[in-house]
Amino acid sequence: MMKIIRGENSIPLTPLDNLTVVVVGYGNQGRAHTLNLRDSGVNCRVAARSGTGGFEQAVQDGFTPTTISEGAEIADLLIMALPDEIQGEVFRDECASNLRPGSVVGFLHGFSIHYQLIKPSSDLGIVLVAPKGPGHTLRLRYEQGLGIPCLFAVHQDTQTGDAEAIGLAWGRAIGCARAGIVYTSFAHETETDLFGEQTVLCGGMTWLMLAAFETLVSAGYPPEMAYLECCQEVKQVADLMYERGLEGMMNAISNTAEFGTYHVGPQLIDESLREKMQMILKDIQNGHFAETLGKDATSGFTWFRKQHDELASHPIEQAGKDVRSLFPWFEKRT
């Protein structure tokens with residue numbers, strides 16, 4: 001059984017007393033962590049490059065951002081909230097030589113440490129607090145007096161042995177203890193996160209919807225109807241699973257839908273697909289995916305941006321816009 005800590009009373013905030021927490025980067029996750037930390041009474045600063053959207057947003061939120069180098073110099077806890085592919089370079093060039101011995105460096109994802117893009121000196125504490133949800137959800141739940149679970153790990157302790165206490169206090173300060181702080185390792189968090197994103201949450205779901213949409217449209221059905229059936233209704237089913245689990249979802253849908261699940265599901269998810277999933281997992285475990293990502297990043301994400309542009313021009317996008325126009329409350333989001 002995994003160790004889980006539940007309840008704010010189970011974790012003291014005192015390890016952060018009189019410490020300076022610096023969040024590097026002010027994007028979706030960085031902003032949520034910073035605001036929640038501040039609202040929990042933590043002395044929190046922002047380090048960001050001037051001229052970026054994150055810098056300007058931090059100023060609007062009442063912060064006076066420092067440079068990343070200056071942030072590393074003053075940080076007792078330095079939280080790396082930058083994209084994975086640039087963390088190694090930024091840490092090497094602007095953080096490593098400026099951090100004081102005994103400081104703790106926090107990560108929102110284990111990628112950079114697990115794949116050794118960052119090789120921290122032995123006098124630093126290295127911890128992981130990875131909320132299981134996007135930044136805007138982390139912030140919203142905090143404001144509601146709620147929280148979302150996070151994964152927690154200690155990769156390397158300080159000489160004084162305070163890395164775990166500081167990391168747990170960080171997790172509590174952003175609201176995660178209200179739901180649950182789940183102990184794991186950097187390796188397990190990284191590998192399961194990448195696998196879930198690639199096979200189900202993003203890769204699998206996106207390509208399954210595209211294939212279903214194309215099948216219906218090629219058979220003569222209107223694109224809008226194909227979008228409604230294969231894309232729009234995904235959220236309704238996902239919400240049922242999120243709230244009730246798989247059986248609870250099945251209990252809430254029609255007998256026709258549930259019967260079709262058992263009849264067709266095994267035809268789609270056959271042994272050949274399971275073998276492909278094993279290969280995908282091995283590519284994540286052995287670092288091949290990280291290497292591939294890194295190579296494309298050094299070329300300015302040429303391949304990645306080409307794929308994005310091709311998806312953006314797919315007929316499913318126009319069908320989606322037409323369908324979403326039927327829901328006026330979507331207008332502010334699209």
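Quote the relative contact order of the range 1-77 in percent (integer), defining contacts as alpha-carbon pairs under 8 Å separated by 6+ residues.
On the way: 97 pairs, mean separation 25.2, N = 77.
The normalised contact order for the range 1-77 reaches 33 percent.
Given a 1.4 Å probe and the protein chains as shown, residue 253 ends up with an accessible area of around 50 Å². Of all DSSP beta bridges confined to the chain, the antiparallel ones make up roughly 30%. Derived scalar couplings between HN and Hα for the range 119-134 equal 10, x, 5, 6, 8, 10, x, 10, 10, 10, 10, 10, x, 8, x, x Hz in order, rounded to whole Hz, by the Karplus curve 6.51 cos²θ - 1.76 cosθ + 1.60 (θ = phi - 60°), x for Gly and Pro.
Put 279, 249, 225, 209 in order of accessible area, highest first, and with a 1.4 Å probe you get 279, 225, 209, 249. Label point of residue 18 set 7 angstrom out along Cα-Cβ; within the range 79-103, amide nitrogens under 19 Å from it belong to 100-103. Accessible area per residue (1.4 Å probe, heavy atoms of protein chains only) ranks 206, 190, 215 as 215, 206, 190, with the largest value leading. For residue 92, the solvent-accessible surface computed with a 1.4 Å probe is close to 150 Å², ligands and nucleic acids excluded. Ligands, DNA and RNA aside, residue 282 has an accessible area near 120 Å² when probed at 1.4 Å. With all pairs of different C-alpha atoms in the average, the Kirkwood value for the hydrodynamic radius of the chain is 22.1 Å. When cysteine pairs in the chain are screened for C-beta atoms closer than 4.7 angstrom, the residues that find no partner are 44, 95, 202, 230, 231.
Given contacts defined as C-alpha pairs under 8 Å and at least six residues apart, what's the relative contact order of the chain, whole-number percent? Walk me through the numbers before you get to the answer.
Values: 478 pairs, mean separation 50.6, N = 334.
Relative contact order here is 15 percent.
Arrange the residues 77, 268 by how much accessible surface each exposes, largest first, with a 1.4 angstrom probe. Intermediate values should be presented prior to the final figure.
Numbers: 77 0, 268 105 Å².
Ranking 77, 268 by accessible area, largest first, yields 268, 77.
Label positions at residue 292 and residue 321, each projected 7 Å from the Cα along the C-beta direction, are separated by 3.1 nm.
Taking every C-alpha pair closer than 8 Å and separated by at least 6 residues, the mean separation divided by the residue count of the range 8-128 gives a relative contact order of 23 percent.
The values are calculated or read from the model by the stated rules, or taken from the named source; none is laboratory data. Computed from a prediction, not measured in an experiment: that's the story for all the values here. Note that each Cβ is placed from the backbone with ideal geometry, even for glycine, and that neighbours are counted across all protein chains shown. Heavy atoms of the whole protein, side chains included, go into the accessibility calculation; ligands, DNA and RNA do not. Shrake-Rupley method; radii C 1.70, N 1.55, O 1.52, S 1.80 Å.
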